[in-house]
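Asker: Can you keep this structure in mind? I'll have questions shortly.
Please treat every number below as a calculation from the coordinates, not as lab data. Note that the structure is a prediction, hence the values are computed from the model and not measured. Because the Cβ atoms are built from the backbone with ideal geometry, glycine has one as well, and the counts that use them run over all protein chains shown.
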Amino acid sequence: MTGFAESVPPAHRAQLSQLAVLAVAVAVAAAVVGWLLVHNGSDTRSPATPSGPALVSQTQLEELASSSAQPIYWAGPRKGFSYELTRTADGRTYVRYLPHDVPAGDRRAEFLVVGTYERPHAFSDLSRAGTRSAAGSVKLARGGVLVFTERRPHSAYFSYPGASNQVEVFAPSGATARALVLHGEIKEIR
């Protein structure tokens, strides 16, 4: 007697494997969306609970931020865009701005993303990175620092003294990413 895997031609096994991975990703995203839909602010789970990309509302982002031990940053509300939320096991939170017709999980790197990362020495690490060759830095209000590098031309990073987090702003244009930070448009969700 042969098993199912043995009866499937090798060319189709890869497709089945990909479908299984996709099904798991969809299930995880559905669970996250379900949690966000019923979340009432009383959940005490760790803010680092991982989740795949899921579309959420502004209200859901605000509820999540208010229950999180770490701040979560974003570029504020934007008309014509949906908010995609992704959280990783290592404490990273990403808010990505997708046009309304783009589904969560779209693999293109052409959308605005604001990532918030837990880092115990975020400010000193960024300050040091800003002094390296092929890097630039700008002082921000309240003693903060904005750093950008040739190695990651589409991203700008910032932090403030005493903060335990670093924020990355990714945009199709590095100039846009830096301008969003310099004009004060990247803020903590409240």
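Asker: Determine whether R152 is closer than 19 Å to L55 by Cα and basic (K, R).
Answerer: Working: closer than 19 Å to L55 by Cα: no; basic (K, R): yes.
No, not satisfied.
Asker: So, one more: Are any of the residues in the stretch 128-149 closer than 23 Å to A89 by Cα, surrounded by fewer than 16 Cβ atoms within 10 Å (Cβ to Cβ) and over 15 Å from the mean Cα position of the chain (by Cα)?
Answerer: Narrowing the stretch 128-149 to residues closer than 23 Å to A89 by Cα: none.
Looking for residues that are closer than 23 Å to A89 by Cα, surrounded by fewer than 16 Cβ atoms within 10 Å (Cβ to Cβ) and over 15 Å from the mean Cα position of the chain (by Cα), one finds none in the stretch 128-149, hence no.
Asker: Kindly provide the set of residues from the stretch 92-103 that are more than 17 Å from P172 (Cα to Cα) and surrounded by fewer than 20 Cβ atoms within 10 Å (Cβ to Cβ), ordered by number.
Answerer: Step one: of the stretch 92-103, the residues more than 17 Å from P172 (Cα to Cα) are 92-93, 100-101, 103.
Once the filter is applied, which keeps residues that are more than 17 Å from P172 (Cα to Cα) and surrounded by fewer than 20 Cβ atoms within 10 Å (Cβ to Cβ), the stretch 92-103 yields R92, H100, D101, P103.
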